[in-house]
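K.L.:
Pasting a structure below so you can have a look.
Bear in mind that the values in this text are calculations on the coordinates, not laboratory data. Remember, predicted model here, so these are calculated numbers, not experimental data. For neighbour counting, all protein chains shown are included, and Cβ atoms are generated from backbone atoms with ideal geometry for every residue, glycine included.
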Amino acid sequence: MQLNRVFPGLRRDNLRGDFYGGVTAAVVALPLALAFGVASGAGAIAGLWGAIFVGFFAALFGGTPSQVSGPTGPITVVMAVVITEYAYDLRLAFTVVMLAGTMQILFGVLKLGRYIAFVPFTVVSGFMSGIGLIIIIIQLAPLIGFDSSRDGVVSALTDLPDLATDPVFDAVAVGLLALAISIFLPRRLRTYAPPALVALIAGTLTALFVLDGAPVLGDIPSGLPDAQLPTFTTSEFPGMLASALILAILGSIDSLLTSLIADSVTRTYHNSDRELVGQGIGNIFAGFFGALPGAGATMRTMINVRAGGRTSLSGTIHALVLLALVLGLAPLAEDIPDAVLAGILLKVGWDIIDWSYLRRIRRAPRDEVVVMLTVLALTVFVDLITAVGVGVIMASLVSARKLSGHQLSQLRIFTRDADTAALTEEERALMESAGGQVLLLHLNGPFTYGSAKGMVQLLSGKGDGYRCVVFDFSEVPMIDGSIAMAIEELLDQARSSNQEVFISGLKGQALDVLESLSVLDVVPVEHRVEDRARALELAIAASMKPLPAG
């Protein structure tokens, strides 16, 4: 089998770049995978195996050639909640991971990847900033020498004052050393080694030879992980499905946002649905072997790209390098202090916060700021799925309100006495000859649910005193079901006032929606024409007929 069939886009002249990119990404991933594993509660080795399984299979089967996948901050936060919930039987927690992977594959098969791009920026910003705050809060206890709270952010904050009165000073020292290196490592040194790796080595050596009172990771299993067969009961399954859905949605958003970033740098175009399938396969394997789930990792992907990685070979090499390290060097990780990993993760949490938006918050639209801050607060103090759900609803309502005003401004009402400059000369002449008996309602542009109520309120009663009403849809490319129902209400009002209705220019999607909902059944076929002038002629002719007796 040719390599370019397994690794699309692979070229001989880029083999070196893919190799170097994969190795560099693995070096960066090593300390982060250890830190994320500890932070999740699954253990450092679970983080490494997560980077291996998700990194390998997402690269092999995914749709973003240069992407490197593995455990990420947002995924770790969710997984920590899952592990806490099912601490009495971790097989249930890893079954949740397998279910999440299956859902991601289903998302890809159903071609839902394109819809991830519709999540509003304010929601993503608030969500990511909330994730960053959670990571920072839950790492404060390990930084001063204690286990992180497994009962959530509120518990971590309330316990912190008591813990801070009796810190483990050796842990504080090596943790702050790791944090300082992560932040202040000179740029010229960053080209040779990533700050997180330097922080990991320096902090660990300091703890080994100088400050040996800092708590360490301890025993780390070596060799291949044991399989975790799917396990659940009828009573637990609904809750497990809900947790899996959170993981699946979050992992999909995380991965596809990274895919978009990779596209912008490499000037390529990823396949969203294939990417979801690849991520899902990786997470199924991660769950099956008791490893941390993952997603597309922005920082590791960017490092891979900058080092020359352009195809999925680089992501595969990243996973294989980590595999070699975990099989040969796992015992060396037992002496890594928890505080060192906490210091590294504090920098990760800080970087996840969307400082770019926060710096502009005073100038940003107030309603969008409210959405962002609401999502941030719900992410930190409630849960992630509630935060995203509420945020999407709020953002949709904000957008609907703004669109409603614009759409309603595109409604034009033409009478004999109104400004008819927008009409053709023939149409103006027809309106003059109508003798004030014909009302022309012109709709311009797309109309959606946000303007439905406003449309009815604006047009209700406007036809009083007119014999005929012409609805002109010639410049309406689309409507939704809410607008269709609003139009039905307006047609009913016209009928109840004994007015004849004529329709012009209705076509395409707008016509399909009105016909599918039977809205046009009350309008005779001969009253529906393509040309606005023709509709006016028919309306004028109808207005000249004598009124029915009685």
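K.L.:
Percent antiparallel among DSSP beta bridges with both residues in the chain, to the nearest 5?
P.N.:
35 percent
K.L.:
Would you mind ranking L110, L341, L313, L208 so that the residue whose beta carbon has the fewest other beta carbons within 10 Å leads the list?
P.N.:
L110, L208, L313, L341
K.L.:
Return the calculated 222 nm mean residue ellipticity for the chain, to the nearest 500 deg cm²/dmol, obtained by summing -39500 (n - 2.57) across DSSP H runs with n ≥ 4 and dividing by the residue count.
P.N.:
Using -39500 (n - 2.57) per qualifying helix, the result is -20000 deg cm²/dmol.
K.L.:
Of all GluC sites (Glu not before Pro) in the stretch 499-550, which ones are in loop regions per DSSP and have a Cβ with at most 15 other Cβ atoms within 10 Å?
P.N.:
The qualifying sites are E530.
K.L.:
Under the classification rounded if a/c is under 1.5, otherwise prolate if a/b is larger than b/c and oblate if not, where does the stretch 497-550 fall, given a ≥ b ≥ c as square roots of the Cα gyration tensor eigenvalues?
P.N.:
oblate
K.L.:
What ranking of E475, E425, E368 emerges when the number of other C-beta atoms within 10 Å of each C-beta is taken as an exposure proxy, fewest first?
P.N.:
Listed from fewest to most nearby Cβ atoms, that is E425, E475, E368.
K.L.:
Still on this model: If I compute semi-axes √(5λ) of the Cα gyration tensor in Å from the structure I just sent, which labelled value in (i) 53, 33, 22; (ii) 61, 25, 21; (iii) 43, 31, 20 lines up?
P.N.:
Recomputing semi-axes √(5λ) of the Cα gyration tensor in Å here gives the entry labelled (ii).
K.L.:
Considering only C-alpha atoms, what is the centroid distance from the stretch 466-527 to the stretch 381-400, in Å?
P.N.:
Value for the Cα centre distance between the two parts: 34 Å.
K.L.:
With label points built 7 Å along Cα→Cβ from the Cα atoms of V390 and L205, find their separation and express it in nm.
P.N.:
Placing both labels 7 Å beyond Cα along the Cβ direction yields 4.8 nm.
K.L.:
Counting other beta carbons within 10 Å of each Cβ, put W355, W350, W49 in order, fewest first.
P.N.:
Listing W355, W350, W49 from fewest to most nearby Cβ atoms yields W355, W350, W49.
K.L.:
Rg and Dmax in Å for the stretch 410-543, alpha carbons only: what are they?
P.N.:
Cα radius of gyration and Dmax of the stretch 410-543 are 13.6, 36 Å respectively.
K.L.:
Roughly how far apart, in whole Å, are the Cα centres of the stretch 334-361 and the stretch 37-109?
P.N.:
Using only Cα atoms to place each centre, the spacing works out to 20 Å.
K.L.:
If one takes the longest principal axis of the Cα atoms in the chain, at what angle in degrees, from 0 to 90 and to the nearest 10, does the Cα axis of helix 169-184 lie?
P.N.:
Taking Cα atoms only, the helix is inclined about 50 degrees.
K.L.:
Moving on. Kindly rank 266-275, 162-171 from highest to lowest mean number of other beta carbons found within 10 Å of each residue.
P.N.:
Result, highest mean Cβ count within 10 Å first: 266-275, 162-171.
K.L.:
Enumerate the whole-percent occupancy of each 10 Å bin, from 0 to the last occupied one, for all C-alpha pair distances of the stretch 235-333.
P.N.:
In whole percents, the pair-distance histogram is 13, 40, 31, 14, 2.
K.L.:
Using all C-alpha to C-alpha distances in the stretch 207-265, build P(r) with 5 Å bins and read off the rounded percent in each one.
P.N.:
Result returned by the calculation: 4, 12, 9, 10, 10, 13, 17, 13, 11, 3, 0.
K.L.:
Could you sort the peptides 371-382, 125-136, 35-46, 317-328 by per-residue average Cβ neighbour count (10 Å cutoff), highest mean leading?
P.N.:
In decreasing order of mean packing, 371-382, 125-136, 35-46, 317-328 become 35-46, 125-136, 371-382, 317-328.
K.L.:
Run the reach check for K347 against aspartates and glutamates, Cα to Cα strictly under 17 Å, same-chain hits fewer than 8 apart removed. What comes back?
P.N.:
Leaving aside aspartates and glutamates fewer than 8 places away in the same chain, those within reach of K347 are D338.
K.L.:
Now, a different point. By its C-alpha gyration tensor, with a ≥ b ≥ c as the square roots of the eigenvalues, how is the stretch 15-65 shaped: rounded for a/c under 1.5, else prolate for a/b larger than b/c, else oblate?
P.N.:
Oblate, since a/c reaches 1.5 and b/c is not below a/b.
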